[in-house]
Amino acid sequence: MAEWKASCRGNREKQERGRTGGSKGGLFLPDQPPVIVPVFLPFQGCKGRCVFCDQKAITSIDEKGVSTETIVRFLSDAFSKTRRHEGKKVIVAFYGGTFTNNPLPVIRQILAATSSFREKGLFSSIRVSTRPDSLEEEKLLLMKEYGVDTVELGVQSMNDDVLNRAGRGHSSEHTRDAFYLLKSLGFEVGAQLMAGLPGDSPAIFMDSVEEVIALRPSMVRLYPTVVIEGTALAGLYAGGRYTPLGLEETVSLCAQALARFEEEQIQVIRIGLAPSQELIEGRRMIDGPWHPCLGFLVRSRHYLQKAIKSLPSSDWMGLDVRVRVPSREITLLRGFRNQGLSALKAALSAKTLTVTPDDSIARGKLVVEPI
Ligand code: SF4
């Protein structure tokens, strides 16, 4: 455990990114990501259980209805550490269920529990996650009144067979309609996509990526499909009817998706499941490409691929070589356990490779020179 903690330190925390900032020198990263205060409402409002889903394993929170008192207590605690949030945009986010499928009075109660904190200026807006087939205009208008400005849709796939096999109970048409409705009401729309669902393939996944790009989300999250004990997927896995993607396949596929979203100036704000205690300790995970630093693995793979593509065609074989990069990108270049550095050295056929920080170089660029 200590091993990955040392290698990932600082990268997991930076992963969840907001929609501020922009593309500089080809790397699409925000300058000042907002602080997200997540409130988990496990399975609240869900119509059924998707085959892969176990909110307890993902959030370490028990699946009981979360009371408004609990929400107020949680927010009081979160906002008591206000110094951490100074000068940053703060967003309260309701995750873990189908927010908009709650009855309207419940939605009002939940959102009203946040009002006193908003009036004190402790946060500026709210985002919620939900399913694409659970949107009603009346509820959405109420949500706007309480400061909800972003809705993240569990898109998961744009392939109807994959959606069906995942037990989602909605089609890709619902997702298109949901984007249209939410945008017409002025919401920012996020899309969550999953790699490795039953019936999915790299080609189908990349088709889903392209379809999501066409819908122009404000932000995207990429999740791996993992097999968690007690889920329907675990049953399929046990019966030999589901094989999860390997970690390498997942990294490679998500890096391809990340490259496409970046090309289209769409921010990928998270890659990988949040490292809940249950997942970290491996108590409920049966199989699948779970890694506490999946986001970092994918982002450094993508960085390396771009770096190798941009290398000048000179012959570095057998030379001692120095690479100069902006200081904040050194970690990305090094990669997990220096794997990125080794791959770059191999690509150059260099004898030795030294990395030097140089902030005069544009983000996303590097300079290679003989020593
Ligand atoms: S994936 Fe979303 S909609 Fe499906 S069961 Fe889990 S929380 Fe509910």
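Data for the structure
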item: Test: residue 185 is under 30 Å from residue 225 (Cβ atoms) and not charged (D, E, K, R); result: no
item: Only one of 88, 56 that is surrounded by fewer than 20 Cβ atoms within 10 Å (Cβ to Cβ), at pLDDT below 90, under 29 Å from residue 285 (Cβ atoms) and over 17 Å from the mean Cα position of the chain (by Cα); result: 56
item: Contacts under 9 angstrom Cβ, first residue in the range 238-255 being outside the structural domain of residue 162 (by TED's automatic domain parsing), partner modelled with pLDDT of 95 or more and open to solvent by 30 Å² or more (accessible area, probe 1.4 Å), 6 or more apart; result: none
item: Given (1) among the basic types (Lys, Arg); (2) within 13 Å of the ligand (Cβ to nearest atom); (3) open to solvent by 30 Å² or more (accessible area, probe 1.4 Å), number of the condition residue 176 does not satisfy; result: (2)
item: Residue among 208, 201, 157 that is open to solvent by 30 Å² or more (accessible area, probe 1.4 Å) and of a type in the set (Ser, Thr, Tyr); result: 201
item: Residue 128 vs. criteria under 19 Å from the mean Cα position of the chain (by Cα) and open to solvent by less than 30 Å² (accessible area, probe 1.4 Å); result: yes
item: Subset of the range 59-85 that is modelled with pLDDT under 75 and farther than 18 Å from residue 43 by Cα - its residue that is surrounded by the fewest Cβ atoms within 10 Å (Cβ to Cβ); result: 83
item: Pair list, Cβ < 6 Å and 6+ apart or interchain, from the range 38-53 residues that are closer than 19 Å to residue 228 by Cα and near the ligand (Cβ under 7 Å from one of its atoms) to residues that are at pLDDT below 90 and open to solvent by 30 Å² or more (accessible area, probe 1.4 Å); result: 43/63
item: Test: residue 216 is modelled with pLDDT under 95 and open to solvent by 30 Å² or more (accessible area, probe 1.4 Å); result: no
item: Scope the range 219-260; condition open to solvent by 30 Å² or more (accessible area, probe 1.4 Å) and over 28 Å from residue 299 (Cβ atoms); matching residues; result: 229, 230, 232, 235, 236, 237, 238, 239, 240, 241
item: Total residues in the range 103-130, condition touching a helix residue (DSSP H, G or I) at 6+ places or on another chain (Cβ under 7 Å) and either charged (D, E, K, R) or closer than 25 Å to residue 166 by Cα (or both); result: 4
item: Members of the range 98-119 that are buried (at least 16 other Cβ atoms within 10 Å of the Cβ) and over 14 Å from residue 46 (Cα atoms); result: 108, 110, 111, 113, 114, 117, 118
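The rows are residues; the columns are (1) closer than 27 Å to residue 90 by Cβ; (2) modelled with pLDDT under 95; (3) not assigned by TED's automatic domain parsing to the domain that holds residue 104.
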| residue | (1), (2), (3) |
| --- | --- |
| 121 | yes, yes, no |
| 150 | yes, no, no |
| 157 | no, no, no |
| 162 | no, no, no |
| 199 | no, no, no |
| 204 | no, no, no |
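The values are calculated or read from the model by the stated rules, or taken from the named source; none is laboratory data. The structure displayed is predicted, hence computed values, not measured ones. Neighbour counts run over all protein chains shown; Cβ positions are idealised from the backbone, glycine included. Just so you know, the surface numbers come from the protein's heavy atoms only, side chains and all, with ligands and any DNA or RNA stripped out. Shrake-Rupley method; radii C 1.70, N 1.55, O 1.52, S 1.80 Å.
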